[in-house]
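Participant: Before anything else, here's the structure in question.
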Amino acid sequence: MRIVFFGTGEFGLSALKRLMNSEYDLAAVVTQPDKKKGRGMGVHPTSVKALVESAMPGTDVLQPEELGDDFMADIKRLDADVFVAVDYGKILPVSVLDVPKRYCINLHPSLLPKYRGSSPINQAILNGDAVTGNTVISMNERMDAGDILLQEEVSIGKREDAPGLFSKLSAHGGELMIKTLDMISAGEEKLIVQEEKDVSYAPKLKKTDGEIDWTRAADEIDRKVRGLKPWPGAFTYINGKMLKIIETEPVFDIKSVKPAGTILINEKGLFVCASDKPICIKTLQLEGKRTMTSEEFLRGYPIKDGRMLGNV
């Protein structure tokens, strides 16, 4: 089968690598235009383009600004059987979905119809789920709402953070995508309609989502710290400066009846009271400073036991 791969971000790299090493004919790769980034604002290719140029030079790479008439003419000439979309970053219109002979399929990192949207990995950790997974769907005009071709579960570790789960699901997703293409090639695919009554959403994250509410339970705050890495990240304030909280762990052997947000300092380290119990702050970063352990922080930024964190 002839395949056109649509992808931009790092989540799709595993699927693209598996596709490059498969029996399938990779006719072209579609990715977003190069962007300026970094201190020098140099122009950098997308992760997908960089991989293609290094691992499979000579492959056609299309980088349309808009999915308009010129782009449509280009992809129609490719005569593809299947479009594979993984972390492309743009919604594909019906005009594009109708081009391939068989399917336009998408890999989504959740057990659809759960967590439709842009932050399913984060939401799984934020909600304390023990299991998530990957789903390959036949795309339609509605976001993440197409019929399911293949779906598999992936476990979430007790201390899993978003980058770790991202890597796990990306690697698993590459394998699942190839399994799906093998089913389609053999004519053995079966489409399962998503149950609308089971739909939930994972909306786009905002910077403000990262602010810690210390009146919440310690376990919930810990999930926020793990679930919002690397962006927007969990944060609070001290003396009007942002304090990023990078690594935490709820504790059970320290009792406190002090108000939520109160700092506790003892021989065991730096703790902050949540609504139910203290939470240990292991790694943090004060605005304008480097990331450091709580011990390093306390040596350079002495604060008293009983100090309050947050906008107070």
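Participant: How do the strands (runs of 3 or more DSSP E) wholly within the stretch 222-287 filter down when requiring 3 or more residues that are within 24 Å of residue 123 (Cα to Cα): which remain? Full working, then the answer.
Facilitator: On the way: elements: 234-238, 241-250, 263-266, 269-273, 278-286.
Per the criteria, 234-238, 241-250, 278-286.
Participant: Test of understanding: among 135, 180, 208, which residue is closer than 17 Å to residue 86 by Cα, out of contact with any Ser or Thr (no Cβ under 8 Å at 6 or more places or on another chain) and either exposed (fewer than 14 other Cβ atoms within 10 Å of the Cβ) or assigned by TED's automatic domain parsing to the domain that holds residue 86 (or both)?
Facilitator: Only one candidate qualifies: 180.
Participant: Another question about this same structure. Can you name the condition, by its number, that residue 231 falls short on among (1) surrounded by 13 or more Cβ atoms within 10 Å (Cβ to Cβ); (2) among the hydrophobic types (A, V, I, L, M, F, W, C); (3) under 31 Å from the mean Cα position of the chain (by Cα)?
Facilitator: With respect to (1) surrounded by 13 or more Cβ atoms within 10 Å (Cβ to Cβ); (2) among the hydrophobic types (A, V, I, L, M, F, W, C); (3) under 31 Å from the mean Cα position of the chain (by Cα), residue 231 is out only on (1).
Participant: Where the second residue is part of a helix (DSSP H, G or I) and the first is charged (D, E, K, R) and lies in the stretch 119-147, which pairs have Cβ atoms under 7 Å and are six or more apart or on separate chains?
Facilitator: Within 7 Å, the pairs are 141/94.
Participant: Could you tell me whether any residue of the stretch 292-305 is of a type in the set (S, T, N, Q) and either in a loop (DSSP other than H, G, I, E, B) or under 30 Å from residue 118 (Cα atoms) (or both)? Walk me through it before giving the result.
Facilitator: The initial filter retains those residues of the stretch 292-305 that are of a type in the set (S, T, N, Q), namely 293-294.
Filter again for either in a loop (DSSP other than H, G, I, E, B) or under 30 Å from residue 118 (Cα atoms) (or both), leaving none.
No, every residue in the stretch 292-305 fails to be of a type in the set (S, T, N, Q) and either in a loop (DSSP other than H, G, I, E, B) or under 30 Å from residue 118 (Cα atoms) (or both).
Participant: Another one. Conditions first: (1) under 23 Å from residue 198 (Cα atoms); (2) in a strand (DSSP E or B). Residue 84 passes all but one, so which condition is the exception?
Facilitator: Status for residue 84: all satisfied but (1).
Participant: Mind listing just one residue for me: the one in the stretch 246-301 that is modelled with pLDDT under 90 and among the hydrophobic types (A, V, I, L, M, F, W, C) and, of those, surrounded by the fewest Cβ atoms within 10 Å (Cβ to Cβ)?
Facilitator: Among them, the one singled out is 257.
Participant: Considering only residues of the stretch 87-119 that are aromatic (Phe, Trp, Tyr) and part of a loop (DSSP other than H, G, I, E, B), which is nearest to residue 32 (Cα to Cα)? Steps first, please.
Facilitator: So the first thing to find is which residues in the stretch 87-119 are aromatic (Phe, Trp, Tyr), and the list is 88, 103, 115.
Subsequent filtering for residues that are part of a loop (DSSP other than H, G, I, E, B) retains 88, 115.
Values: 88: 7, 115: 25 Å.
Result: 88.
Participant: May I ask you to list the residues in the stretch 128-158 that are assigned to a strand (DSSP E or B), of a type in the set (A, V, I, L, M) and closer than 10 Å to residue 112 by Cα? Outline the logic, then answer.
Facilitator: The initial filter retains those residues of the stretch 128-158 that are assigned to a strand (DSSP E or B), namely 131-138, 147-155.
Retained after the next criterion (residues that are of a type in the set (A, V, I, L, M)): 131, 136-137, 148-150, 154.
Residues satisfying the conditions are 136, 137, 148.
Participant: From the list 113, 109, pick out the single residue that is at pLDDT 95 or above, closer than 20 Å to residue 171 by Cβ, touching a helix residue (DSSP H, G or I) at 6+ places or on another chain (Cβ under 9 Å) and not charged (D, E, K, R). Show your work before the answer.
Facilitator: On the way: 113 fails: closer than 20 Å to residue 171 by Cβ.
Among 113, 109, only 109 is at pLDDT 95 or above, closer than 20 Å to residue 171 by Cβ, touching a helix residue (DSSP H, G or I) at 6+ places or on another chain (Cβ under 9 Å) and not charged (D, E, K, R).
Participant: Shifting gears a bit: Quick one: which helices (runs of 4 or more DSSP H) lie wholly within the stretch 8-80 and hold at least 1 residues that are in contact with a Gly (Cβ under 8 Å, 6 or more places away or on another chain) and buried (at least 19 other Cβ atoms within 10 Å of the Cβ)? Break it down stepwise before answering.
Facilitator: Details: elements: 13-20, 47-55, 69-77.
Fully inside the stretch 8-80 and qualifying: 13-20, 47-55.
The values are calculated or read from the model by the stated rules, or taken from the named source; none is laboratory data. Everything quoted here is computed from the prediction, not taken from an experiment. Glycine gets a Cβ as well: all are built from the backbone with ideal geometry, and neighbour counts include every protein chain shown.
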